[in-house]
Amino acid sequence: MQTLAVELPDRHYPIHVGPGLLDDVSLLTPHLAGRQVMIVTNETVAPLYLDRLKTALADYDVKEVVLPDGEATKNLEHVERIWDALLAAGFNRRATLIALGGGVTGDMTGFAAACYQRGIAFIQMPTTLLAQVDSSVGGKTGVNHPRGKNMIGAFHQPRVVIVDTDTLKTLPARELTAGLAEVIKYGLIRDVDFMAWLEDNMAGLRGLDAPLLTEAILRSCAVKAGIVVEDETEQGVRAYLNLGHTFGHAIETAMGYGKWLHGEAVGAGMMMATALSHRLGWLDDTAVERVAALLEAAGLPRHAPADVSAERFLELMHLDKKVMDARLRLVLLKALGDACITDEVDDAQVHELLAQWERQ
Ligand SMILES: NC(=O)c1ccc[n+]([C@@H]2O[C@H](COP(=O)([O-])OP(=O)(O)OC[C@H]3O[C@@H](n4cnc5c(N)ncnc54)[C@H](O)[C@@H]3O)[C@@H](O)[C@H]2O)c1
Ligand SMILES: [Zn+2]
């Protein structure tokens, strides 16, 4: 097991990563606020892991909420089910909520904890690679609104994050690959040594080698946590976390949510951001080839969806919420491991890139 200490200005908490941590109750007990524990999970994850966690917590007053699966359930109606369960159980302000599942479960559970009796303790046990390297770090919690994704929410930091790498054994391969897009992103924006390490170890990661997964998750969390601590108010470097996302969101919207997984769209989007950085003279041919090879090794797409014209693509990029005024504001790469934000690229350059991009 390895541990990363996340140091925020007003508090700190550990992220433990390794195989077999799910029922290691010694990692949990120091962070439980009292005897009352409510585990929140979903219909897919519950049959796989709920009993083991409940058995480990046998000495506590444990209740559970099993929600339906899917992004479509990430709304207030399902958060209310968590509040209903807490009230029905008579749980007080010293109760602890544990999120056992992917990013959808973590976002909803964290939000439920932020609001219940004005805030109770919350623990993340993420079971998708995306949740382990991205959504469980940073303290953002919340739900979708019919008018927009993640529009209702709160900042609420967990007491501890426990990542059992063995849970990835049951994750569909496509979801694992989608999570790898965010892992690669951390190398590209901040840590070229990590990128090189990923080039050497991608096959082992996809083969679920536990020590390699542990290292990749820990280094990813370290990059994200470092950026979040540096820029809590989201004025500057936090935007680097959106590398490939303006292109990616355009793909997700064009295809209709769900056809491409978020990470797949971000993979293609990072390739586009890399190619644009090359056109601006910031990256050489070798750098572009390295990014392409790494995305391919992870099993990520590098093409754009068929039937989306360059015009439509550009229009969707302008609609993305990260775009201020009329000019596109893009995260690009000055070098591998060195991101920047620029609004100096004009639409004609992006259009030219998109018009020539390979479709599939
Ligand atoms: N809070 C943040 O900072 C932040 C950052 C990035 C993404 N997010 C949010 O995260 C969500 C996406 O998270 P996700 O990709 O984990 O999606 P998800 O939670 O929907 O999980 C993906 C699928 O995998 C299943 N699953 C989870 N763990 C499993 C396991 N071990 N074995 C088998 N199946 C398993 C889930 O039931 C689901 O069907 C989005 O709602 C997004 O907005 C939040
Ligand atoms: Zn993302």
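Taken together, the values in this text are just the output of simple stated rules run on the coordinates, not laboratory data. Not measured: the values here are computed from a predicted model. Methodologically, a virtual Cβ is constructed for each residue, glycine included, from the backbone with ideal geometry; neighbour enumeration extends over all protein chains shown.
The spacing between segment 1-29 and segment 67-125, judged by their C-alpha centroids, is 20 Å. In straight-distance terms, cross-link reach from residue 334 covers every one of the lysines whose alpha-carbon lies under 27 Å from its own, apart from those fewer than eight places away in the same chain; here that gives 185, 224, 321, 322. Calculated on the alpha-carbon coordinates, the convex hull of the chain measures out at 125 cubic angstrom per residue. Annotation: amide H of residue 152 within the under-5 Å range of 143, 145, sequence separation 5 or more or interchain, hydrogens built in the peptide plane.
For segment 2-170, lysine pairs with C-alpha atoms less than 22 angstrom apart, excluding pairs fewer than eight positions apart on the same chain, total 6.
Between the C-alpha center of segment 183-204 and that of segment 287-360 there is a gap of 20 Å. Ranked by how many other Cβ atoms sit within 10 Å of their own Cβ, fewest first, the residues 351, 262 fall in the order 351, 262. A helix-only calculation puts the chain at -13500 deg cm²/dmol for mean residue ellipticity at 222 nm, using -39500 (n - 2.57) for each DSSP H run of at least four residues, averaged over all residues.
Our coupling estimate for segment 190-202, obtained by passing each phi through the Karplus curve with A = 6.51, B = -1.76, C = 1.60 and θ = phi - 60°, is 9, 8, 5, 5, 5, 4, 4, 4, 5, 4, 6, 10, 4 Hz, Gly and Pro reported as x. Compared with the dominant principal axis of the Cα atoms in the chain, helix 310-319 is inclined by about 40°.
The ranking of 277, 135 from fewest to most other beta carbons within 10 Å of each one's beta carbon is 135, 277.
Residues whose amide H comes within less than 5 Å of that of residue 244, counting only those at least five positions distant or on another chain, are 331 (H built at 1.01 Å from N in the peptide plane). Pairs of Cα atoms nearer than 8 Å and 6+ residues apart set the relative contact order; for the chain it is 15 percent. Amide H to amide H distances under 5 Å link residue 98 with 38, 39, 40, 123, where only residues 5 or more positions off or on other chains count and H is placed in the peptide plane. For segment 1-138, the Kirkwood hydrodynamic radius from C-alpha pairs, put into Stokes-Einstein at 20 °C and a viscosity of 1.002 mPa s, yields a diffusion coefficient of 142 µm² per second. Please find, in a Gaussian network model of the chain (springs between Cα atoms separated by less than 10 Å), the residue of 100, 22, 280 whose mean-square fluctuation is greatest. Answer for the Gaussian network model of the chain: 280.
By the beta-carbon count within 10 Å of each Cβ, the least crowded to most crowded order of 286, 141, fewest first, is 286, 141. Between helix 76-88 and the chain there is an angle of about 20 degrees, using the helix long axis and the longest principal axis of the Cα atoms.
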